[in-house]
Amino acid sequence: MGQFATGVAVVTARGPAGLTTNAFSSLSLEPMLVLVCLDLGSRTLAAVREHRRLAVNVLSASQRDLAVTFSGKAAHVTKFRDVGWREEAGVPVLDGTVAWVAGQVLELVPGGDHVIAITSVEAGGAPGGQPLVFHAGGYR
C-alpha cells in the first residue's frame, strides 16, 4: 500500500483533538459526504464518538511539521500548542491548509483496526496551494 501516493490530512474534533491521516476520500457529491478512517485506539476517535463532529484539514507542502506533530501520541493540548486554528462548524480548523471540510458524523462503520467515519459536509474551504503527499514511507 505504500506505493500508493496519498494526500496528508489532520482530522480535528472538539476538545480540541486531532490526528494525522492519509485515509480520507470524497464519498458522494449529492449529498456531499466524505469518509475518513480513524484508528480504534486514538483519543481523537473518542472525541468524534462523543461529539459526532469532525473536520478534515488537507495539509500544504509546508506543513510537514504538523503532520509529524499530529501523528504522535502526545496529549491533544500539546499537539495544538503553537498551532494556528479557528472554530468552524463546531470544530477546530487549522490555518494554512490547502483545503478543509467540516461537518456532522452520520455513521461510524467498523473496519478492522479502524473505524470509518462517514461525514456530512456542512462547511469547507479550498484556499489552494501545493499539498503535502505521503509515498513509500515518507513525506514529499
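Can you tell me how many residues within region 43-95 are aliphatic (A, V, I, L, M) and closer than 25 Å to Gly129 by Cα? Let's see the steps before the verdict.
Quick first cut of region 43-95, residues aliphatic (A, V, I, L, M) only: 45-48, 54-56, 58-59, 61, 66-68, 74-75, 77, 83, 89, 91, 93-94.
Restricting the remaining residues to those that are closer than 25 Å to Gly129 by Cα gives 54-56, 58-59, 61, 66-68, 83, 89, 91, 93-94.
Within region 43-95, residues that are aliphatic (A, V, I, L, M) and closer than 25 Å to Gly129 by Cα number 14.
Summed over region 102-140, residues that are under 18 Å from Ala67 (Cα atoms) and aliphatic (A, V, I, L, M) total 3.
Check Leu19, Leu45, Leu35 and return the single one that is part of a strand (DSSP E or B) and either under 13 Å from Thr119 (Cα atoms) or over 9 Å from the mean Cα position of the chain (by Cα) (or both).
Numbers: Leu19 fails: either under 13 Å from Thr119 (Cα atoms) or over 9 Å from the mean Cα position of the chain (by Cα) (or both); Leu45 fails: part of a strand (DSSP E or B).
Sole residue among the options that is part of a strand (DSSP E or B) and either under 13 Å from Thr119 (Cα atoms) or over 9 Å from the mean Cα position of the chain (by Cα) (or both): Leu35.
For every residue, the table says whether it meets (1) within 18 Å of Ala126 (Cα to Cα); (2) touching an Asp or Glu at 6+ places or on another chain (Cβ under 6 Å).
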residue	(1), (2)
Gln3	no, no
Gly18	no, no
Val34	yes, no
Leu40	no, yes
Leu54	yes, no
Gln63	yes, no
Arg81	no, no
Gly84	yes, yes
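Number of residues in region 1-15 that are farther than 19 Å from Val68 by Cβ and either buried (at least 17 other Cβ atoms within 10 Å of the Cβ) or of a type outside the set (S, T, N, Q) (or both) equals 5. When the residues of region 50-74 are filtered to those that are out of contact with any strand residue (DSSP E or B) (no Cβ under 9 Å at 6 or more places or on another chain) and farther than 17 Å from Leu38 by Cα, the one that is modelled with the highest pLDDT is Ser62.
Results for (1) closer than 12 Å to Ala13 by Cα; (2) surrounded by fewer than 20 Cβ atoms within 10 Å (Cβ to Cβ), shown as yes or no for each residue.
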| site | (1), (2) |
| --- | --- |
| Leu40 | no, yes |
| Ala46 | yes, yes |
| Leu54 | yes, no |
| Gly84 | no, yes |
| Gly90 | yes, yes |
| Val93 | yes, no |
| Gln130 | no, yes |
| Arg140 | no, yes |
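The strands (runs of 3 or more DSSP E) falling completely within region 75-140 that include 1 or more residues that are at pLDDT below 95 and of a type in the set (Phe, Trp, Tyr) map to 133-135.
Just to be sure I understand, how many residues within region 97-107 are over 14 Å from the mean Cα position of the chain (by Cα) and either crowded, with 17+ Cβ neighbours inside 10 Å or under 19 Å from Asn22 (Cβ atoms) (or both)? Explain how you work it out, then say what you get.
As a first pass, look at region 97-107 and keep what is over 14 Å from the mean Cα position of the chain (by Cα): 106-107.
Add one more test, that the residue is either crowded, with 17+ Cβ neighbours inside 10 Å or under 19 Å from Asn22 (Cβ atoms) (or both), and what stays is none.
So the count comes out to 0.
The values are calculated or read from the model by the stated rules, or taken from the named source; none is laboratory data. Given the structure is predicted, the values throughout are model-derived calculations rather than measurements. With ideal geometry, Cβ positions are generated from the backbone for all residues, glycine too; neighbour counts draw on all protein chains shown.
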